[in-house]
Amino acid sequence: MTSIEQLELDAQRQQLLMDVRRLVEKYQSIFGWDIPDIDQAFSDKLIIAAMRKALDTIEREWLE
């Protein structure tokens, strides 16, 4: 049986994805302001890696 928490997450999944995209776009724009002639693909990889590391940190702090 599916838990109520899983059902709620499933209902919010699209909103979560949109929120994360906006967060990536926020940092894309900051990089763009600070660094002329930026390598966008490399910048995106750095941003996403930093977000993963931040999520790992939050997971350790909240769930352990």
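Summary table
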read-out: Filter result for the condition that a residue is part of a helix (DSSP H, G or I), of a type in the set (Asp, Glu) and in contact (Cβ under 8 Å) with a residue 12 or more places away in the chain, over Asp56, Asp44, Asp19, Asp10; value: Asp44
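Let's see how each residue does on (1) at pLDDT 95 or above; (2) exposed (fewer than 12 other Cβ atoms within 10 Å of the Cβ):
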site: Leu16; (1), (2): yes, yes
site: Asp37; (1), (2): no, yes
site: Ser43; (1), (2): no, no
site: Ile48; (1), (2): yes, no
site: Leu55; (1), (2): yes, yes
site: Glu64; (1), (2): no, yes
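Matching residues to (1) of a type outside the set (D, E, K, R); (2) touching a Leu at 6+ places or on another chain (Cβ under 9 Å):
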| residue | (1), (2) |
| --- | --- |
| Ala11 | yes, no |
| Gln14 | yes, no |
| Met18 | yes, no |
| Arg21 | no, no |
| Gln28 | yes, no |
| Ala41 | yes, no |
| Ile48 | yes, no |
| Met51 | yes, yes |
| Glu64 | no, no |
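The values are calculated or read from the model by the stated rules, or taken from the named source; none is laboratory data. Remember, predicted model here, so these are calculated numbers, not experimental data. Neighbour counts run over all protein chains shown; Cβ positions are idealised from the backbone, glycine included.
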